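Beneath this line is the structure, given in structure tokens, with notes to follow.
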Amino acid sequence: MPGLFLSLEGIDGSGKSTQARRLADRLRTQGHPVTLTREPGGSPGAEEIRRLVLEGDPDRWSAETEILLFTAARRDHLEKTIRPALARGEIVITDRFADSTRIFQGITRGDLSAAVDRLHDLMIGVEPDLTLLFDLDPAKGLARATARAGAEMRFEDMGLAFQTAARAGFLALAARHVRFRVIDADAEEDVVAARVWEKVTAHLA
Ligand code: TMP
């Protein structure tokens with residue numbers, strides 16, 4: 001694929017969605033074609049699945065069922081949005097990708113890592129070129145995420161212990177793969193944006 005595939009990951013309330021928008025704007029200003037997208041979602045079919053997984057009671061779906069739903073959404077996103085954009089030579093910035101399933105479904109509610117990995121190999125099979133992990137104290141993240149409370153609160157409602165396990169999981173994953181850059185997200189928006197820009201331009205260079 002001629003394009004560049006970039007993912008942003010982190011616990012809820014880590015500020016990555018704001019930073020994804022800022023990064024896309026700055027890259028476009030410099031003349032790069034950018035597709036900014038998100039998971040779950042990023043294609044019409046996957047956006048429909050998004051409602052199923054993000055709204056309602058925390059115990060609406062088991063972790064196993066969620067693995068299937070998130071992977072189905074990702075497959076559609078990959079077919080309809082990501083692959084075509086990469087084939088056009090664009091920079092694809094996705095707000096979450098497969099690492100979110102590895103963490104939120106794979107480890108925070110028992111060890112389902114093997115199932116997540118097998119399904120990923122079978123149905124997805126690609127990794128981002130670069131992954132920015134937004135790292136933040138889970139209590140601060142949860143406070144931010146709860147402050148903007150809307151309908152999509154299923155994962156926030158799983159509580160602080162869940163987000164704490166997710167943070168540890170993300171950091172451990174980042175330590176195992178060279179495509180990760182950890183960004184300290186506990187700072188002003190402009191400061192975090194500068195940290196993001198430094199990592200991305202270093203990679204582009
Ligand atoms: P967002 O708040 O970044 O839009 O993410 C939506 C929620 O979905 C977030 O709480 C994490 C969760 N999620 C998973 O549990 N597994 C996944 O594979 C993805 C993409 C998101």
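The values are calculated or read from the model by the stated rules, or taken from the named source; none is laboratory data. What you are looking at is a predicted structure, and each value in this text was computed from that prediction instead of being measured. When we count neighbours, we look across all protein chains shown, and the Cβ atoms used for this are built from the backbone with ideal geometry, even at glycine. These area figures cover heavy atoms from the full protein model, side chains too; ligands, DNA and RNA do not enter into them. Shrake-Rupley method; radii C 1.70, N 1.55, O 1.52, S 1.80 Å.
Descriptive notes on the structure:
- Within segment 7-53, the set of residues being in a helix (DSSP H, G or I), under 21 Å from A185 (Cβ atoms) and hydrophobic (A, V, I, L, M, F, W, C) comprises A20, L23, A24, L27.
- Of all residue pairs spaced 6 or more apart or on separate chains, those with beta-carbon atoms under 7 Å, a first member in segment 47-75 that is within 13 Å of E152 (Cβ to Cβ) and a second member that is at pLDDT below 95 and away from the ligand (no atom under 11 Å from the Cβ) are E55/A151.
- Filtering segment 167-183 to residues that are open to solvent by 50 Å² or more (accessible area, probe 1.4 Å) and in contact with a helix residue (DSSP H, G or I) (Cβ under 7 Å, 6 or more places away or on another chain) leaves R167, R181, V182.
- Answer residue from segment 104-144, given it is open to solvent by less than 10 Å² (accessible area, probe 1.4 Å) and in a strand (DSSP E or B) and is farthest from the ligand (Cβ to nearest atom) among those: L130
Yes/no per residue for (1) more than 13 Å from the chain's Cα centre (by Cα); (2) of a type in the set (D, E, K, R); (3) open to solvent by 50 Å² or more (accessible area, probe 1.4 Å); (4) within 11 Å of the ligand (Cβ to nearest atom):
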{"position": "G3", "(1), (2), (3), (4)": "yes, no, no, no"}
{"position": "L6", "(1), (2), (3), (4)": "no, no, no, no"}
{"position": "D12", "(1), (2), (3), (4)": "no, yes, no, yes"}
{"position": "D25", "(1), (2), (3), (4)": "yes, yes, yes, no"}
{"position": "S43", "(1), (2), (3), (4)": "yes, no, no, no"}
{"position": "L52", "(1), (2), (3), (4)": "yes, no, yes, no"}
{"position": "W61", "(1), (2), (3), (4)": "yes, no, yes, yes"}
{"position": "I67", "(1), (2), (3), (4)": "yes, no, no, yes"}
{"position": "T94", "(1), (2), (3), (4)": "no, no, no, yes"}
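- Filtering segment 147-166 to residues that are open to solvent by 70 Å² or more (accessible area, probe 1.4 Å) and either in a helix (DSSP H, G or I) or away from the ligand (no atom under 16 Å from the Cβ) (or both) leaves A147, D157, L160, A161.
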